[in-house]
Every structure is written in C-alpha cells, then in structure tokens.
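Reading through the structure tokens given below for one structure.
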Amino acid sequence: MAKQERVAVITGSSRGIGRGIAEQLGKDGYAMVINGYHAADCQETAAELAAEGFTVVAAPGDVSQKSTHEMLVKTAVTNFGRLDTYINNAGIAQIGNLLDESAESFHKIYATNVDSVLFGTQAAAKQFKQQADGEKIRKIINASSIAGHVGYEQLGAYSSTKFAIRGLTQVAAKELAKYGITVNAYCPGIVGTDMWDYIDARMVAENGGTKGQYLKAAIDGISLGRAETPADVADFVSYLASPMSDYMTGQAVQIDGGVQFI
C-alpha cells in the first residue's frame, strides 16, 4: 500500500468503543491497523470499514502479549510506511467482591488492561523515535475510565487497573516528552456497549434483580440523561489524536456526560 500521511494502531477495535474510534479516525483521514482478540471478528470489522472507504488492515492478536504490539507496529509500518498514533483501547471488565478475588482472575485483568498499555507504549515509542519527523508530535492514547478516578464496588480489580493506566500515562508523558511524544488518556463513563451488558448481567447474578436494572440505575446517574455512545468517546479521541492537542500531555480526562465532577 502507498505511504499514508497519518497512521494509527487501535487495539480492541473490532467492536464497541474501539470500533467507534476507528470509524471517526477513518473520517479524519487516518489509515488504520484494526486489532481484536478474535481473528474472525477483527477481519470482519476491517472488511466493513474498508467497504465504507476507509484504509485499513486487520491484525488480530492478544494484547496481553508484548509480541502482539511489536507485530501491530510492524504491520502499520509495512503497510503504510509510518506510525503516528497508537491507541491502547483494549480492555476487559470483571465483577466481584475484592474478598472473593482470585489471583488468577486478578492477574488476567491486569495482563489485558495494564500490561497491554505498557507493551503498546514501548512498541510505539520505539517506532516514533526511529522516524525522522522533525517537529511533528506523535501520540500515545490510553483507555482509562471514570473507574480510574473513583473506585466502584464490585469493580475493584477493574477500577484498580484503570487507576494504574492513569499512572502509566503520567509517567510515560514525562519520560517521552523530550522525544516529541505526548501521552494522554480518555476516561469514558456508562457506554452502551457489550461490556456494560456484561456488567449488568454479572451484577444481577451477584446481587439479584432483573436484566437491565443496574444499567438503568447507572444511566439515571448521568447528568446529560442518556447513555454514552462509542461516537461520544471517539469524538474526544479524535481531538487527542489531532494537532489541536499537541500541547496536552499526561492527562486523563473524563468524558462521561456528567457522572463525576472531580
């Protein structure tokens, strides 16, 4: 493929928020590497985006593995000639009380949510430092959460991973600024995706109640009165990926419709 002016890797972009981000960055003129854990879903999403006229390539893989991030960077450079933005979007949720948390499940969520951000940052920064871009700012963008600002009951392990991502974002921003690399995070709220359907179902299983009860209660706490959409998140990520945010680094901004005011 021909060299592109702007190229992004988006982990966890075969569905949900990541898919929404890919849709928006495609409109912004990015060529994109689409990633997901399940190869069939990843390839299907890439094909659908290509049918919409976007420039994409599918690169399925497990983001908890460092080799996957190295592969994603190589895929971007091989297909498009460069890399400009690396979005560590992939993540999973787990429901349960801290006293019942097993070492296995705790390590699993950290591997997917936190290890992936470290490995993605390392792989992207290595490529950015090799590119002869002059004064051009390159971007690393991480997915935290409102649960990375305030911990939520029965989302203890998940909340702690999102706090950890804020810490990694701040440290990476400080260490990479001298290379012309900014590092920021977006912190979504109650997004109407499969993840919140899962959270609602698990809350019912843990605490009783009816399907949709916990999702409705969460939405009722949003000042703007509706669930967040992937497009709401993607609009902000578009800003973080654009030159308009070149003087912003180390921040983890809540984009939640008014759930938390801190």
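The values are calculated or read from the model by the stated rules, or taken from the named source; none is laboratory data. The model shown is predicted, which means the values in this text are computed figures rather than measured ones. A quick note on method: Cβ atoms are made from the backbone with ideal geometry, for glycine too, and the neighbour counts reach across all protein chains shown.
Quick rundown of the values:
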{"read-out": "Options 151, 250, 167: the member that is in a loop (DSSP other than H, G, I, E, B), under 16 Å from residue 113 (Cβ atoms) and not acidic (Asp, Glu)", "value": "151"}
{"read-out": "Filtered residues of segment 62-89 (kept if β-branched (Val, Ile, Thr) and part of a loop (DSSP other than H, G, I, E, B))", "value": "63"}
{"read-out": "Residue, nearest to residue 166 (Cα to Cα), within segment 131-141, restricted to residues that are in contact with a Gly (Cβ under 8 Å, 6 or more places away or on another chain) and in a strand (DSSP E or B)", "value": "140"}
{"read-out": "Residue identified as over 17 Å from residue 18 (Cα atoms) and surrounded by fewer than 18 Cβ atoms within 10 Å (Cβ to Cβ) among 194, 246, 235", "value": "246"}
{"read-out": "Residue within segment 26-42 that is part of a helix (DSSP H, G or I) and crowded, with 19+ Cβ neighbours inside 10 Å present", "value": "yes"}
{"read-out": "Pairs where the first residue, in segment 216-243, is closer than 15 Å to residue 185 by Cα and the second is small (Gly, Ala, Ser) and at pLDDT 95 or above, C-beta under 6 Å, 6+ apart", "value": "234/20; 239/245"}
{"read-out": "Matching option when the condition is assigned to a helix (DSSP H, G or I), without any contact (Cβ under 8 Å) to a residue 60 or more places away in the chain, in contact with a Leu (Cβ under 8 Å, 6 or more places away or on another chain) and on the phi < 0 side of the Ramachandran plot, among 114, 56", "value": "114"}
{"read-out": "Extreme residue, surrounded by the most Cβ atoms within 10 Å (Cβ to Cβ), among residues of segment 173-191 that are under 17 Å from the mean Cα position of the chain (by Cα) and of a type in the set (A, V, I, L, M)", "value": "183"}
